[in-house]
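The values are calculated or read from the model by the stated rules, or taken from the named source; none is laboratory data. Computed from a predicted model, the values in this text were never measured in an experiment. Methodologically, a virtual Cβ is constructed for each residue, glycine included, from the backbone with ideal geometry; neighbour enumeration extends over all protein chains shown. These accessible areas exclude ligands, DNA and RNA; they are computed on the full protein's heavy atoms, side chains included. Shrake-Rupley method; radii C 1.70, N 1.55, O 1.52, S 1.80 Å.
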Amino acid sequence: MLRKLLILPPILIAVAVFAYVVSERNPPMRAEVAERATLARTIEALDTPVVPRVVGYGTVEPFRVWEAVAQVSGEVTYVHPEFRRGALLEAGTEIVRISPTEYELAVAEAEANIRATEVQLNELAVTEENNRKSLDIEQRALEIRET
């Protein structure tokens, strides 16, 4: 039994030391939260001229393709000097000028056809009026024969 009691003194000493440490302990210090500065490594970027260069492999296709189809035929009299495959031109830029000679000739021909058709219409109107008058004359002649 004496052996069992030998364990009590170290336990009592440990409890006494723990009580002493807890009673003498100071509460933790409170520090106000301040702005935290983070150390950053920086370098100065110098203005250096760079020529962009791209190396690629494969097939390249344009995003947008424009195909011009003239609504009139004629000789091309002017082509914009910067007009070439892949060139970017501002909106409204005159790219190609077609000689107006064939267009003006086609307009004159169309106007002549219109006038000829108007003459034919007038001729038909006159023919119709003549036929109506002939019909009236023949109807009167018929009335005279029947009486």
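The figures follow:
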| read-out | value |
| --- | --- |
| Positions within the stretch 67-87 being in a strand (DSSP E or B) and of a type in the set (A, V, I, L, M, F, W, C), in sequence order | VAL76, VAL79 |
| Boolean, GLN71 is open to solvent by 100 Å² or more (accessible area, probe 1.4 Å), polar (S, T, N, Q) and without any contact (Cβ under 8 Å) to a residue 24 or more places away in the chain | yes |
| Given (1) open to solvent by less than 90 Å² (accessible area, probe 1.4 Å); (2) in a loop (DSSP other than H, G, I, E, B), index of the condition ALA110 fails | (2) |
| Qualifying residue in the stretch 96-103 (condition: touching a residue at least 12 places away in the same chain (Cβ under 8 Å), open to solvent by less than 90 Å² (accessible area, probe 1.4 Å) and either in a loop (DSSP other than H, G, I, E, B) or in contact with a helix residue (DSSP H, G or I) (Cβ under 7 Å, 6 or more places away or on another chain) (or both)) | yes |
| Candidate set from the stretch 110-147 (those that are under 30 Å from VAL72 (Cα atoms) and of a type in the set (S, T, N, Q)); member that is farthest from the chain's Cα centre (by Cα) | GLN120 |
| Subset of the stretch 9-54 (residues that are in a helix (DSSP H, G or I) and either modelled with pLDDT under 85 or open to solvent by less than 100 Å² (accessible area, probe 1.4 Å) (or both)) | PRO9, PRO10, ILE11, ALA14, VAL15, ALA16, VAL17, ALA19, VAL21, VAL22, SER23, GLU24 |
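Results for (1) hydrophobic (A, V, I, L, M, F, W, C); (2) at pLDDT 90 or above; (3) in contact with a Pro (Cβ under 6 Å, 6 or more places away or on another chain), shown as yes or no for each residue.
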position	(1), (2), (3)
PHE63	yes, no, no
SER99	no, no, no
THR117	no, yes, no
LEU121	yes, yes, no
THR127	no, yes, no
ARG132	no, yes, no
